[in-house]
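Accompanying notes for the structure given below.
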Amino acid sequence: MGVGYDCVFYCQVMEMIEQPTQCIDFLNAEFAHRKLKFSQVAAGLLKAELSFGEKSSAQLHLQGAHVSHWQDSLGRENLFTSNQAVYQKGVAIRGGNPIIFPQFGPGVLAQHGFARHSVWQVLETRATETETAIVLQLKPENIAEQYRLQWPHDFLLKLTVSLCESLITRFEVQNTHSTPFEFTHGFHTYLAVDDINRVEISGLSGLQYMDNLRGKTLFDESRKRVSIDEFTDRRYQDIPETLEIKDRSSGRCLRMVNRNCRDAFVWNPWQEAEKGFSDLAPGSYRQYICVEPGNMQKAVVLPAGQSFVAVQEIQRLDG
Ligand code: TA6
């Protein structure tokens, strides 16, 4: 079915006056199929809904290329998204799997950079026996002018989200500039749990971590299974490729395999700090643990013309 003239015209106008954007009729005409369709979340905010097999599904918001929900092959939700999340242009959804680039944490740019606030463009979708996938890109013309001024580099980001027996997120940075640039990045993953008090993270034993809450000082982690019982904001360094997160309350066990990620933040605001987040309901700190692989301690320096790729795979191990 051809895309309606008015929609194409709308998209052309939008491309002229604002960030290049893709309208819903165009997206569904060009990229939708039985296992993937696009729908409107709010004014100017679109999402892709992916399905795979009998019960797997995921929701990806074009703003931020942000996966907000992932249900596994038994139909169980594995990501936490706040019921007070704000779905508004330029505002990051609280929860899911935000893509953080080119700055993790505070700095010259707004907290956590611009990738999660910007509308990514759909490049490709796939639906095969082995996956349902979507590929999106972000370029300087897709981001707000203030960010282009603050971070004046030519780049191309590509994100591939593959829904299969697991959830695989491939993040690629291409330096299309004439000189090197550097960045920090992360998958700021909110994993759903039934009870934060009964969560254990394995794979951190023997690592050093920088504690944001204790003078940003380095400490040694000796525990084989790290439990969370207070406001936690730590950057574990030189992490192994595989981390496991067990929720003893529900029996849920997730394996997170991270490639080309040297660090991982572990964060939970607990009761006190949670009050500082208007998009987190009181007490919701009990329902998630953030395990955030990436490169934060040492920026990635990318020479002109080169690419960087990091991959995160989350697998459900129980059941
Ligand atoms: O998880 C690391 C962190 O930088 C924390 O320090 C906290 O700020 C969290 O991210 C949430 O940040 P956000 O900008 O999403 O509110």
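Return yes when residue 100 is within 13 Å of the ligand (Cβ to nearest atom) and part of a loop (DSSP other than H, G, I, E, B) and no when it is not.
Working: within 13 Å of the ligand (Cβ to nearest atom): yes; part of a loop (DSSP other than H, G, I, E, B): no.
No, not satisfied.
Filter the stretch 103-129 down to the residues that are in contact (Cβ under 8 Å) with a residue 40 or more places away in the chain and over 14 Å from residue 144 (Cβ atoms) and list them by number.
Scanning the stretch 103-129 gives 103, 104, 105, 108, 112, 121, 122, 124, 125, 127.
Residues in the stretch 33-73 that are acidic (Asp, Glu) and either surrounded by 18 or more Cβ atoms within 10 Å (Cβ to Cβ) or within 27 Å of residue 113 (Cα to Cα) (or both): how many? Spell out how you get there, then give the answer.
Of all residues in the stretch 33-73, those acidic (Asp, Glu) come to 49, 54, 72.
Still in the running and either surrounded by 18 or more Cβ atoms within 10 Å (Cβ to Cβ) or within 27 Å of residue 113 (Cα to Cα) (or both): 49, 72.
Result for the stretch 33-73: 2.
Test residue 181 against the stated conditions and say whether it is within 16 Å of the chain's Cα centre (by Cα) and in contact (Cβ under 8 Å) with a residue 60 or more places away in the chain.
Values: within 16 Å of the chain's Cα centre (by Cα): no; in contact (Cβ under 8 Å) with a residue 60 or more places away in the chain: yes.
No; evaluated as a whole, the condition is false for this residue.
Restricting to the stretch 91-119, and then to whatever is among the hydrophobic types (A, V, I, L, M, F, W, C) and surrounded by fewer than 23 Cβ atoms within 10 Å (Cβ to Cβ), can you tell me which residue is farthest from residue 44 (Cα to Cα)?
Initially, the stretch 91-119 is screened for residues among the hydrophobic types (A, V, I, L, M, F, W, C), giving 91-93, 99-101, 104, 108-110, 114-115, 119.
Next cut, surrounded by fewer than 23 Cβ atoms within 10 Å (Cβ to Cβ) only: 91, 108-110.
On the way: 91: 12, 108: 28, 109: 24, 110: 22 Å.
Top of the filtered list is 108.
Taking the stretch 265-275, which residues are within 9 Å of the ligand (Cβ to nearest atom) and either acidic (Asp, Glu) or over 25 Å from residue 244 (Cβ atoms) (or both)?
Across the stretch 265-275, the qualifying residue is only 273.
Could you tell me which of the residues 280, 254 is in a loop (DSSP other than H, G, I, E, B), of a type in the set (A, V, I, L, M, F, W, C) and either at pLDDT 95 or above or closer than 20 Å to residue 192 by Cβ (or both)? Don't jump to the end; show me each part of the working.
Numbers: 254 fails: in a loop (DSSP other than H, G, I, E, B).
That would be 280, the only listed residue that is in a loop (DSSP other than H, G, I, E, B), of a type in the set (A, V, I, L, M, F, W, C) and either at pLDDT 95 or above or closer than 20 Å to residue 192 by Cβ (or both).
Has the stretch 143-155 got at least one residue that is closer than 25 Å to residue 315 by Cα and β-branched (Val, Ile, Thr)? Let's see the steps before the verdict.
To start, the set of residues in the stretch 143-155 that are closer than 25 Å to residue 315 by Cα comprises none.
Scanning the stretch 143-155 turns up no residue that is closer than 25 Å to residue 315 by Cα and β-branched (Val, Ile, Thr).
Among the listed residues 90, 107, identify the single one that is within 16 Å of the ligand (Cβ to nearest atom) and either assigned to a strand (DSSP E or B) or touching a Gly at 6+ places or on another chain (Cβ under 9 Å) (or both).
Numbers: 90 fails: either assigned to a strand (DSSP E or B) or touching a Gly at 6+ places or on another chain (Cβ under 9 Å) (or both).
That would be 107, the only listed residue that is within 16 Å of the ligand (Cβ to nearest atom) and either assigned to a strand (DSSP E or B) or touching a Gly at 6+ places or on another chain (Cβ under 9 Å) (or both).
If you take the residues in the stretch 110-130 that are assigned to a strand (DSSP E or B) and not acidic (Asp, Glu), which one is nearest to the ligand (Cβ to nearest atom)? Lay out the reasoning, then the answer.
The initial filter retains those residues of the stretch 110-130 that are assigned to a strand (DSSP E or B), namely 113, 119, 121-127.
The next check asks that each one be not acidic (Asp, Glu); those that pass are 113, 119, 121-123, 125-127.
Details: 113: 10, 119: 18, 121: 23, 122: 24, 123: 26, 125: 28, 126: 30, 127: 32 Å.
So the residue we want is 113.
Please give the number of the condition residue 201 fails out of (1) aliphatic (A, V, I, L, M); (2) within 21 Å of residue 121 (Cβ to Cβ); (3) over 17 Å from the mean Cα position of the chain (by Cα).
Here residue 201 clears every test but (2).
Just checking, how many residues over the stretch 51-87 are part of a loop (DSSP other than H, G, I, E, B), of a type outside the set (S, T, N, Q) and either within 13 Å of the ligand (Cβ to nearest atom) or farther than 15 Å from residue 38 by Cα (or both)? Reasoning before the result, please.
Narrowing the stretch 51-87 to residues part of a loop (DSSP other than H, G, I, E, B): 53-55, 62, 64-65, 72-76, 78, 80, 82-87.
Those still in the list that are of a type outside the set (S, T, N, Q) too: 53-55, 62, 64-65, 72, 74-76, 80, 85-87.
Now narrow it down to the ones that are either within 13 Å of the ligand (Cβ to nearest atom) or farther than 15 Å from residue 38 by Cα (or both): 53-55, 64, 72, 74-76, 80, 85-87.
Summing the residues that are part of a loop (DSSP other than H, G, I, E, B), of a type outside the set (S, T, N, Q) and either within 13 Å of the ligand (Cβ to nearest atom) or farther than 15 Å from residue 38 by Cα (or both) in the stretch 51-87 gives 12.
The values are calculated or read from the model by the stated rules, or taken from the named source; none is laboratory data. The model shown is predicted, which means the values in this text are computed figures rather than measured ones. For neighbour counting, all protein chains shown are included, and Cβ atoms are generated from backbone atoms with ideal geometry for every residue, glycine included.
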